[in-house]
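Visitor: Mind having a look at this structure? Questions to follow.
The values are calculated or read from the model by the stated rules, or taken from the named source; none is laboratory data. Predicted, not measured: the structure shown is a model, and the values here were computed from it. Virtual Cβ from ideal backbone geometry, glycine too; neighbours counted across all protein chains shown. For accessibility, only protein heavy atoms count, side chains too; no ligands or nucleic acids. Shrake-Rupley method; radii C 1.70, N 1.55, O 1.52, S 1.80 Å.
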Amino acid sequence: KVPNRNSPPAILLRESWREGKKTRKRTIANLSDWPDDKIEAFRRLLRGEKLVPIDEAFAIKRSLPHGHVAAVLGTIRKLGLDRVIAAKRSRERDLVVALVAERILHPGSKLASTRTWKSSTLADELGVADADVDEVYSALDWLLRRQKRIEVKLASQLLSEGGVALYDLSSSSYYGRKCSLARLGKNRDGKKGVACIAYGLLTDRGGRPVSIDVYPGNTGDPATVVDQVGKLKDRFKLSRVVLVGDRGMLTETQIENLRKYPGVGWISALRSSQIRALVDSGALQMSLFDEKNLAEISSPDHPDERLVACYNPLLADERRRTREDLLQATEESLIRIAAEVRRRTRTPLLKDEIGVKVGKVINRYKVGKHFKLTIEDDHLSWQRREDAIARESALDGIYVIRTSEPEERLPADDAVRGYKRLTLVEKAFLCLKSIDLRARPIWLRREDHVRAHLFLCMLAYYVEWHMRQALAPLLFHDEELEEARDHRDPVAPATPSASAKRKKLTRQTDDGLPLNSFSNLLTELSTLCRNDCQMKTDHDSPTFAMLTEKRAFDLLGL
């Protein structure tokens, strides 16, 4: 290797020998244009080393899926979630991190996790391959004891003074009889007669989870609001915050309670009966929407708060179509009962028997109030209450947002946008319950284990939320959606961006890569394996790992 001043050094193949006291040399070839790996191989060959093809030198002892593990663990470490869980590494922290990662990769029971994390490199990466299910439950107990501290750390990162916090309540079915939290209540899974467990999720304005609370299944939405306000004020130390909740959550009673907390604002919506009262009093008229689909109004029935009335004609048309479909479906059921009444000539149906049959179907579609029924022995007739239908139709497409925030802090458009951000919490519940994280159904017996399980699922969603944002260019995801939420028409239906339409049409990225769902992308990453290799010539030699790479890691910043 000969230095060459301002140019790259020259690589020469030379022969040298001695003649007496002098050293002679001769240049055989100039290798300067050879790549470095080729030069190094040639150097080793000249040294006398035996070079063989790699497939003849090494044997693969074991091959484990690794790419998806590297993506999830890398994201956890990049976010600092492992340090949020506990500042110092410990056996418990490694187990919790493994459970969070496995919930994203292969959601299942705690026992199943101790099996499935050995089918990838996750167990080896965190050193938990020897863990059994009893140790996993001990780690859950350890996590539950740290929940409040972890939530405070997340709140310090995600919530700010004067910012917005979104809150909603959901529930999941419970199968078993041992857990004290399982009660018959409003089962959001749609399982009638099945006990459920309720849980409330608090997020920042972008839908990133901050905190989760678990309640008995028969707990009503409004009863959980006070807990959230106390948490925001006392535990998270926020002197100014705006809480967003739906109309079933922030009822009149709860709004009165919120007024007792200085610095706590709120955004919600009026119920249909309250909107009807505004129309009857003349405070809300359709002429308000002649020039714009949004108008700010006031009413003595709602002092110390601002009302923003919105009208969406497309929503109005949809509600009219839906109502007509439900009315027709109800009439079809009534026609079948009336036909049965007419057929029963030998043993006519009595009034009470007909009433029982009608009662089973009249409210199935929630439009029984729009029918006037006449039930007698051996007779059934009905007619629509056209006046009631017209009265309800007059409110189609109209909704009213209510808030305690003044105009200078929250313009009317932003109040509507803020309320619509509750869909982000609904999206979180969808992810928690569906095949992504599979928080339901809940089988755990002990109350503390149920609480720890749902908190673990929340932490997993926190990681997945960030992964989805980073991997958006490779997913069927509208990359301009978050920015559009802050600037688009707050009342008009949301429309996908041009880039999202192009994605849907081509099913490819701009640089020609195939688009995937999040779960499919993880599956594809799992094909990147870590191969544990060993020298064929020495069976006692230690194994070493060979890894591959993927473009998705660039997007994740790993």
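Visitor: For the stretch 340-364: of the residues being under 29 Å from Arg323 (Cβ atoms) and among the basic types (Lys, Arg), which is nearest to the chain's Cα centre (by Cα)?
Guide: The qualifying residue nearest to the chain's Cα centre (by Cα) is Arg364.
Visitor: In the stretch 2-22, what count of residues is obtained for those that are in a strand (DSSP E or B) and open to solvent by 90 Å² or more (accessible area, probe 1.4 Å)? Give the steps one after another, and end with the answer.
Guide: First, the residues of the stretch 2-22 that are in a strand (DSSP E or B): 2-4, 7-10, 12-19, 22.
Subset that is open to solvent by 90 Å² or more (accessible area, probe 1.4 Å): 3, 8, 14, 17-19, 22.
Summing the residues that are in a strand (DSSP E or B) and open to solvent by 90 Å² or more (accessible area, probe 1.4 Å) in the stretch 2-22 gives 7.
Visitor: Within the stretch 444-471, how many residues are acidic (Asp, Glu) and either more than 17 Å from Ile150 (Cβ to Cβ) or in contact with a Cys (Cβ under 9 Å, 6 or more places away or on another chain) (or both)? Full working, then the answer.
Guide: Our first condition is that a residue be acidic (Asp, Glu); within the stretch 444-471, this holds for 447-448, 464.
Applying the additional criterion that residues be either more than 17 Å from Ile150 (Cβ to Cβ) or in contact with a Cys (Cβ under 9 Å, 6 or more places away or on another chain) (or both) yields 447, 464.
Here the count works out to 2.
Visitor: Still on this structure, I have one more. Which residues, taken from the stretch 321-349, are exposed (fewer than 12 other Cβ atoms within 10 Å of the Cβ) and not in a helix (DSSP H, G or I)?
Guide: Matches in the stretch 321-349: Thr345, Arg346, Thr347.
Visitor: Is at least one residue of the stretch 114-132 surrounded by 19 or more Cβ atoms within 10 Å (Cβ to Cβ), touching a residue at least 60 places away in the same chain (Cβ under 8 Å) and among the hydroxyl-bearing types (Ser, Thr, Tyr)? Spell out the reasoning first.
Guide: First pass over the stretch 114-132, keeping only residues surrounded by 19 or more Cβ atoms within 10 Å (Cβ to Cβ): 114, 117, 120-123, 125-126, 128, 131.
Those left that are additionally touching a residue at least 60 places away in the same chain (Cβ under 8 Å): 120-121.
Add one more test, that the residue is among the hydroxyl-bearing types (Ser, Thr, Tyr), and what stays is 120-121.
Yes: one or more hits.
Visitor: For the stretch 146-175, what are the residues that are open to solvent by less than 20 Å² (accessible area, probe 1.4 Å) and among the charged types (D, E, K, R)?
Guide: Once the filter is applied, which keeps residues that are open to solvent by less than 20 Å² (accessible area, probe 1.4 Å) and among the charged types (D, E, K, R), the stretch 146-175 yields Glu151, Asp168.
Results for (1) among the β-branched types (Val, Ile, Thr); (2) modelled with pLDDT of 95 or more; (3) over 19 Å from Met458 (Cβ atoms), shown as yes or no for each residue.
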{"position": "Leu202", "(1), (2), (3)": "no, yes, no"}
{"position": "Val264", "(1), (2), (3)": "yes, no, yes"}
{"position": "Asp280", "(1), (2), (3)": "no, no, yes"}
{"position": "Ser287", "(1), (2), (3)": "no, no, yes"}
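Visitor: Let me ask something else about it. Which numbered condition trips up Leu143, out of (1) open to solvent by less than 20 Å² (accessible area, probe 1.4 Å); (2) modelled with pLDDT under 95; (3) within 24 Å of the chain's Cα centre (by Cα)?
Guide: That leaves (2) as the condition not met.
Visitor: Also: All but one of (1) out of contact with any strand residue (DSSP E or B) (no Cβ under 6 Å at 6 or more places or on another chain); (2) more than 23 Å from Ser156 (Cβ to Cβ) hold for Ala198, so report the exception by its number.
Guide: Looking at each condition in turn, Ala198 falls short on (1).
Visitor: Sticking with this structure for a sec: Can you find a residue in the stretch 243-255 that is more than 30 Å from Gln274 (Cα to Cα) and either surrounded by 15 or more Cβ atoms within 10 Å (Cβ to Cβ) or of a type in the set (Lys, Arg) (or both)? If you could, list the steps in order and put the result at the bottom.
Guide: Just the residues of the stretch 243-255 that are more than 30 Å from Gln274 (Cα to Cα), to begin with: none.
No: the stretch 243-255 contains no residue that is more than 30 Å from Gln274 (Cα to Cα) and either surrounded by 15 or more Cβ atoms within 10 Å (Cβ to Cβ) or of a type in the set (Lys, Arg) (or both).
Visitor: Taking the stretch 394-438, which residues are open to solvent by 30 Å² or more (accessible area, probe 1.4 Å) and of a type in the set (S, T, N, Q)?
Guide: Correct list: Ser404, Thr423, Ser434.
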